[in-house]
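Participant: This structure is in structure tokens; I'll ask about it shortly.
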Amino acid sequence: MLELRLAYRNILRQKRRSLLTGISMAGGFALCTFSFCLLEGGWGNAVDIFTLDHTGHIQIHSNDYHRRPKIHKTIGERESIEQILTNHQEITAFAPRVYAPALAYANNQTRAVRVVGVDWKLEPTTSRLRQKVHAGDYLDNAMTSDGYAKAMIGAGVANTLDIGIGDELVLISQGADGSIANDIVMITALVGTRTSWDKMNVYLPLPAAQSFLSMGNRVHEYALQVADSNANEVVARSLQTEINHINPAITVSTWQVVEESFYRTMQSDKQGNYFTMVLIVFLVFIGVLNTVLMSILERTREFGVIRAIGSRPIAIIRLIFLETIILATLSIAAGVVIVTPALYWLLTTGFTLPTPIEFGGVTFDHLTGRLSLFVLTVPALLIYVFAALVSILPGIRAARITPQQAMASH
């Protein structure tokens, strides 16, 4: 009777340990999946903000304009390029742009500014320029009653020159043909804030900017948005192949290349966060290792009997390995059940940031998660890898014990 009681207690103890091990694995899987979803969502939102603010997912330039901008590095084959962009299924929007440094003059004051010529119809489909207008009216190609082109200026220009909507602004620059460019424009809107990256920009309608810079119908850049931001590198390569038939000197670059420093910073931060998550999961599995090892120690006699009837050591190692993998599989299934409501909430509702983040004049106060193949598979792979590693030491110990040692243990 006493032996039966001890056997019953041993079985209960083993079940309890298995349950604790399963709970630890399920918790580690749920925590890892939720954290990866949050991290991917956070950086995904940051990339969306960044690319929609001004860079786009892909940019097209002449030669190395994106690295060494010069006013004469322009794109002239606009009709052929725009036909390719229009017919490409993965491209959802594109917009041509013109850039030039200039000297702005008003109220007996001067300030270095950046002139940006945009297509007033296409630009809002590619960037958030229209949303960043906080005073006045978004520009168009129509001239004012005085015959001036309309202009939108950054908050920094307005503050430095002490000008606002309805005031005139004199612009002086160098034309693409080497001539002196000068013009007077009428301010119709204010864009962004004093801290946004475009605070010193002066936005002109594309025809007005081209005329001001003596560029004809040429542009410096095309900014593109694609349907799947994760596939922008594939789209860029296919575009480069098509455009090479028109002009091999035109380069197609992803935002990762155009904004290389930002991308490297993002990757470094992501890798640091991933390392932290792997470390947390590793600490969880230290506890799992202890639980599995204790379970093996309590079953020493059982393994001794198995050895006594002729089982080979490799069979015992395989048995423990399969037990741990099966337990890991059940734990992942339980973790999926646990984490699914949390993921649904994170994807649909998310967090409201206590302090809104301002980026380029647009305010964001919400953070949501993002699902991907990485988020769904990596946590499960980590569980299986750690489970396999955890089973090695206990399995070797159980396989090396002799029947005599096992029967003599308590």
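The values are calculated or read from the model by the stated rules, or taken from the named source; none is laboratory data. Because the structure is predicted, anything quoted here is derived from the model rather than measured. Glycine gets a Cβ as well: all are built from the backbone with ideal geometry, and neighbour counts include every protein chain shown. Heavy atoms of the whole protein, side chains included, go into the accessibility calculation; ligands, DNA and RNA do not. Shrake-Rupley method; radii C 1.70, N 1.55, O 1.52, S 1.80 Å.
Participant: Check cross-link reach from residue 70 to the lysines: straight Cα distance under 22 Å, and skip same-chain residues fewer than eight apart.
Facilitator: 199
Participant: Say we join alpha carbon atoms closer than 10 Å with springs in a Gaussian network model of the chain; which of 68, 194, 218 then has the biggest fluctuation?
Facilitator: Maximum fluctuation in the GNM of the chain, among the listed residues, is at 68.
Participant: Please list 29, 262 in order of solvent-accessible area, largest first, computed with a 1.4 Å probe with all protein chains present.
Facilitator: Accessible-area ranking of 29, 262, largest first: 262, 29.
Participant: What does the extension gain come out to for residue 392 and residue 308, with contour length at 0.36 nm per residue minus their alpha carbon separation?
Facilitator: Values: separation 84, 0.36 × 84 = 30.24 nm, distance 2.18 nm.
Full-extension gain reported as 28.1 nm.
Participant: When the Cα atoms of the stretch 162-231 are enclosed in a convex hull and the volume is divided per residue, what value in Å³ results?
Facilitator: 146 Å³
Participant: How high is the relative contact order of the chain, given as a whole-number percent (alpha carbon pairs under 8 Å, six or more residues apart)?
Facilitator: Relative contact order comes out at 25 percent.
Participant: Sticking with this one: Starting from the Cα of residue 270, draw a straight line to each of the aspartates and glutamates and keep only those under 14 Å, dropping any in the same chain fewer than 8 residues away.
Facilitator: In chain and number order, the partners are 40.
Participant: Next up: Separation between the residue 384 and residue 43 pseudo-spin-labels, each 7 Å from Cα along Cα→Cβ, expressed in nm?
Facilitator: Roughly 2.3 nm, to one decimal.
Participant: Using θ = phi - 60° and the Karplus form 6.51 cos²θ - 1.76 cosθ + 1.60, what ³J(HN,Hα) does each residue of the stretch 268-282 get, whole Hz, x for Gly and Pro?
Facilitator: After applying 6.51 cos²θ - 1.76 cosθ + 1.60, I find 5, 5, 4, 5, x, 5, 5, 4, 4, 5, 4, 5, 4, 5, 4 Hz.
Participant: OK, next. Roll a 1.4 Å probe over the protein heavy atoms and report the accessible area of residue 82 in Å², nearest 10.
Facilitator: 50 Å²
Participant: Here's another thing I want to ask about it. Checking the a/c ratio against 1.5 first, then a/b against b/c, what shape does the Cα gyration tensor give for the stretch 92-158?
Facilitator: It comes out prolate by the Cα gyration axes.
Participant: In a shell of Cβ-Cβ distance under 11 Å around residue 368, excluding residue 368 itself, what net charge do Lys and Arg (+1) and Asp and Glu (-1) give?
Facilitator: Taking every Cβ under 11 Å from that of residue 368, the sum is -1.
Participant: Let me ask you something else. Summing Lys, Arg as +1 and Asp, Glu as -1, what charge do residues with Cβ under 10 Å from the Cβ of residue 95 carry, residue 95 excluded? Don't skip to the answer; put the middle values down first.
Facilitator: Values: positive: 97, 121; negative: 119, 123, 221.
Neighbourhood net charge equals -1.
Participant: Continuing with the same structure: Counting only heavy atoms of protein chains, what accessible area per residue, in Å², does the stretch 74-210 have with a probe of 1.4 Å?
Facilitator: Here the residues of the stretch 74-210 average 45 Å² of exposed surface.
Participant: From the C-alpha gyration tensor of the stretch 64-248, pull out the three semi-axes of the equivalent ellipsoid (sqrt of 5λ each), sorted largest to smallest, in whole Å.
Facilitator: Its equivalent ellipsoid spans semi-axes of 30, 18, 14 Å.
Participant: Shifting gears a bit: Count the net charge of all other residues whose Cβ sits under 15 Å from the Cβ of residue 32, scoring Lys and Arg as +1 and Asp and Glu as -1. Mind dumping the intermediate values first?
Facilitator: Working: positive: 270; negative: 40.
Residues near residue 32 contribute 0 overall.
Participant: Still on this structure: Ignoring any ligand, DNA or RNA, what whole percent of the accessible area of the chain comes from carbon and sulfur when the probe is 1.4 angstrom?
Facilitator: The nonpolar share, carbon plus sulfur, comes to 59 percent.
Participant: Between residue 333 and residue 373, what is the label-to-label distance in nm when each label sits 7 Å out along the Cα-to-Cβ direction?
Facilitator: Spacing of the two 7 Å Cα→Cβ label points: 2.6 nm.
Participant: Still on this structure, please answer the following. Counting each pair of different Cα atoms once, what's the Kirkwood radius of the chain in Å, rounded to one decimal? Working shown, then result.
Facilitator: Values: mean 1/r = 0.0384 Å⁻¹.
For the chain, the Kirkwood estimate is 26.0 Å.
Participant: If you don't mind, there's one more thing I want to ask. Just want to confirm a number: the relative contact order over the stretch 88-151, from Cα pairs under 8 angstrom separated by 6+ residues, in percent.
Facilitator: With pairs under 8 Å counted, the relative contact order is 26 percent.
Participant: Please give every one of the aspartates and glutamates within straight-line cross-link reach of residue 121, meaning a C-alpha to C-alpha distance under 18 Å, and leave out same-chain neighbours fewer than 8 residues apart.
Facilitator: By straight Cα distance, residue 121 reaches 53, 79, 82, 137, 140, 221.
Participant: Can you give the FRET efficiency for residue 283 and residue 87, using 1/(1 + (r/R0)^6), R0 = 60 Å, r = Cβ-Cβ distance, to the nearest 0.05?
Facilitator: After rounding, the FRET efficiency stands at 0.65.
Participant: Here is a follow-up. Out of the stretch 133-224, which chymotrypsin sites (Phe, Trp or Tyr not before Pro) are coil in DSSP terms and have no more than 15 other C-beta atoms within 10 Å? Intermediate results must be reported in sequence, preceding the final value.
Facilitator: On the way: sites: 138, 148, 197, 203, 212, 222; in loops: 138, 148, 197.
Those satisfying the criteria are 197.
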